[in-house]
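Computed from the coordinates by the stated procedures, all read-outs in this text should not be read as laboratory data. These numbers come from a predicted model, not from an experiment. Note that we place each Cβ from the backbone using ideal geometry, even for glycine, and neighbour counts take in every protein chain shown.
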Amino acid sequence: MAHIHEKIDFTVAIFVIRDRRVLLIHHRKLDKWLPLGGHIELDEDPEQAAVREAKEESGLDVELLGERPPTTEPGTRALIAPRFLDIHRISATHEHIGMIYWARPKRGTTTLAVEEHHDIRWCSATDLDELQPAMSAAVKWYCRQALAEVAPLPA
């Protein structure tokens, strides 16, 4: 999606965890290893954007992890809070406010979005140090944090 504001946009990043591995994509345009994610569109909330981006980029339906407060009532819908927030520079004149979510796959088959990515793979904590091109320290930190915090599902 094109930027919706000239100076700043809101985005989501989804760190999907399965069997002590995190799902990463090698972004074609940026030539970087990243989590699933993208821009929040004008007609959606952050949860909707995260679920949509995960499906578009991986073929997976995901469950966002986190707490939803019991405050939904007419006129108000409680959302699952992102695990972290950041702001990162895209260019000299443009930034993204990133909402960073942990998630688990619910159903679907992992599929490469060839128009956007060179590769998609499930990575262990050890694999993170071997990716080429090397991933940024920030993305690696979020990967390790998600892997540490998201317990495997019982067998």
**Item:** Computed [θ] at 222 nm, deg cm²/dmol, the chain (DSSP H ≥ 4; -39,500 (n - 2.57); rounded to nearest 500)
**Value:** -5500 deg cm²/dmol
**Label-point gap, in nm, between Glu6 and Ile97 - each point 7 angstrom along Cα→Cβ** = 2.0 nm
**Request:** May I ask you to evaluate 6.51 cos²θ - 1.76 cosθ + 1.60, the Karplus curve with θ = phi - 60°, for each residue of region 131-136 and list the ³J(HN,Hα) values in order in whole Hz, giving x for glycine and proline?
**Result:** 5, 10, x, 4, 7, 5
**Asked** When DSSP assigns beta bridges and you keep just the ones with both residues in the chain, what percent turn out antiparallel, to the nearest 5?
**Response** 75 percent
**Asked** With r defined as the distance between the Cβ atoms of Asp129 and Thr76 and R0 fixed at 35 Å, what FRET efficiency is calculated, to the nearest 0.05?
**Response** 0.20
**Message:** Just checking my list (1) 48, 46, 26; (2) 69, 47, 27; (3) 95, 30, 27 against Cα extents along the principal axes in Å computed from this structure; which label fits?
**Reply:** (1)
**Complete:** Per the 1/(1 + (r/R0)^6) rule, R0 = 35 Å and r from the Cβ atoms of Leu153 and Leu42, FRET efficiency to 0.05 is 0.50
**Prompt:** Which length gain, in nm to one decimal place, applies between Ile90 and Arg121 when the Cα-Cα distance is subtracted from 0.36 nm times their residue separation?
**Reply:** 8.7 nm
**Asked** Roughly speaking, what is the stretch gain from Arg20 to Arg68, that is 0.36 nm per residue apart minus the C-alpha to C-alpha distance, in nm to one decimal?
**Response** 14.9 nm
**Request:** Work out the charge dipole of the chain with +1 on the Cβ of Lys and Arg and -1 on the Cβ of Asp and Glu about the Cα centre, then indicate which of Gly75, Met135, Gly59 is farthest towards its positive end.
**Result:** Met135
**Request:** Would you mind computing, in nm to one decimal, how far apart the modelled labels at Lys106 and Arg28 are, each placed 7 Å from Cα along Cα→Cβ?
**Result:** 2.8 nm
**Request:** Report the full-extension gain for the segment Gln145 to Glu56: residue separation times 0.36 nm, less the Cα-Cα distance, to one decimal in nm.
**Result:** 29.6 nm
**Prompt:** Using unit Cβ charges (K, R positive; D, E negative) and no other charged atoms, how large, in debye to the nearest 20, is the dipole of the chain about its Cα centre?
**Reply:** 460 debye
